[in-house]
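The values are calculated or read from the model by the stated rules, or taken from the named source; none is laboratory data. Note that the structure is a prediction, hence the values are computed from the model and not measured. As a convention, Cβ positions derive from the backbone with ideal geometry for all residues, glycine included, and neighbour counts pool all protein chains shown. Keep in mind that these areas ignore ligands, DNA and RNA; they rest on the heavy atoms of the full protein, side chains included. Shrake-Rupley method; radii C 1.70, N 1.55, O 1.52, S 1.80 Å.
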Amino acid sequence: MSDLLTKALNWCVQGHAGQFRDGDSALPYACHPVEVATLLRHVGGVADEFDLAAAFLHDLIEETDTSLEEIEAEFGAEVASLVDELTRTEPTLDEIAGLTEQEVWQLRSDMLCAEISLMSPRAQRIKLSDRLSNLQESERVRKKRKRLRYRQQSERILAIIPEQVNPPLWRAIRHLLDTAPALKD
C-alpha cells in the first residue's frame, strides 16, 4: 500500500473512532469507508491512489469535525476536491421546518440526486462504491420501509450515473436491486 493510502486509512480510522454503523451488532463506522475503498478497488477495478484515498476519507467532513482544509493540507487538492464533491449538503432547519419525516427524507434525497448529477465521473464512481456498500448494509439492518426507500433512491442514482462511469460497480448495484429478496417485516 502506498504511503498516501496508508495515511488515508489511518485518518479514516482515527477520524471515525468511537462511531458505529446502524443496526444490531453494529461495526465501527470506519469499516464503511474501508469497504468503499475495497469495493472501488476490487469490484470497480480502480487503482488510482487519489481516488482510493478519497474513498477512505469520503465521510470525514459529514461525520466528524475534520475540515476540507485539513484534508487538502494533508492529502492535496486532488483528493480534497473529490472529498468535497462527495460531501452531502444537508437541508437547513428553515428548509425542513414543518415538514413530515417523509417530506424531509424526500428533500434530502432530491438534494443528494441533484449533487450526484453535478459530480465528476471520478466522484460518481466513488459514489457508486459508496452506494453499493450502503445498499448491502441496508439489506441487513434496515426495516422494510427504510429498505424500500433506499432501494428507490438507489434506482434514481443509477438513472443519474451512466453505466459507463464504472460498469462493474453500476452492474453490482443493479444486480443487488434486481435480486434482493422480497421485502418482509
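Before moving on, here are some points about what is shown:
- Restricting attention to the range 101-136 and to residues that are open to solvent by 10 Å² or more (accessible area, probe 1.4 Å), small (Gly, Ala, Ser) and in contact (Cβ under 8 Å) with a residue 24 or more places away in the chain, the residue that is nearest to GLN152 (Cα to Cα) turns out to be SER117.
- The listed residues are GLU163, GLU115, and the only one of them that is touching a Ser or Thr at 6+ places or on another chain (Cβ under 8 Å) and modelled with pLDDT of 95 or more turns out to be GLU115.
- Pair list, Cβ < 6 Å and 6+ apart or interchain, from the range 51-65 residues that are without any contact (Cβ under 8 Å) to a residue 60 or more places away in the chain to residues that are open to solvent by 10 Å² or more (accessible area, probe 1.4 Å) and polar (S, T, N, Q): LEU60/THR66; ILE61/THR87; GLU62/THR87
- Note on the range 141-185: among residues that are over 25 Å from LEU52 (Cα atoms) and touching a residue at least 60 places away in the same chain (Cβ under 8 Å), the one that is surrounded by the most Cβ atoms within 10 Å (Cβ to Cβ) is ARG142.
- Count of the range 106-155 residues, restricted to those that are within 13 Å of the chain's Cα centre (by Cα) and of a type in the set (Val, Ile, Thr), is 2.
- Considering the range 1-25, the residues that are assigned to a loop (DSSP other than H, G, I, E, B) and free of Cβ contacts under 8 Å to residues at least 60 places away in the same chain include one that is nearest to GLY76 (Cα to Cα), namely SER2.
- Which numbered condition THR92 misses (of (1) open to solvent by less than 50 Å² (accessible area, probe 1.4 Å); (2) over 14 Å from the mean Cα position of the chain (by Cα); (3) not aromatic (Phe, Trp, Tyr)): (1)
- Residue, nearest to ARG140 (Cα to Cα), within the range 26-36, restricted to residues that are free of Cβ contacts under 8 Å to residues at least 60 places away in the same chain, assigned to a helix (DSSP H, G or I) and open to solvent by 20 Å² or more (accessible area, probe 1.4 Å): CYS31
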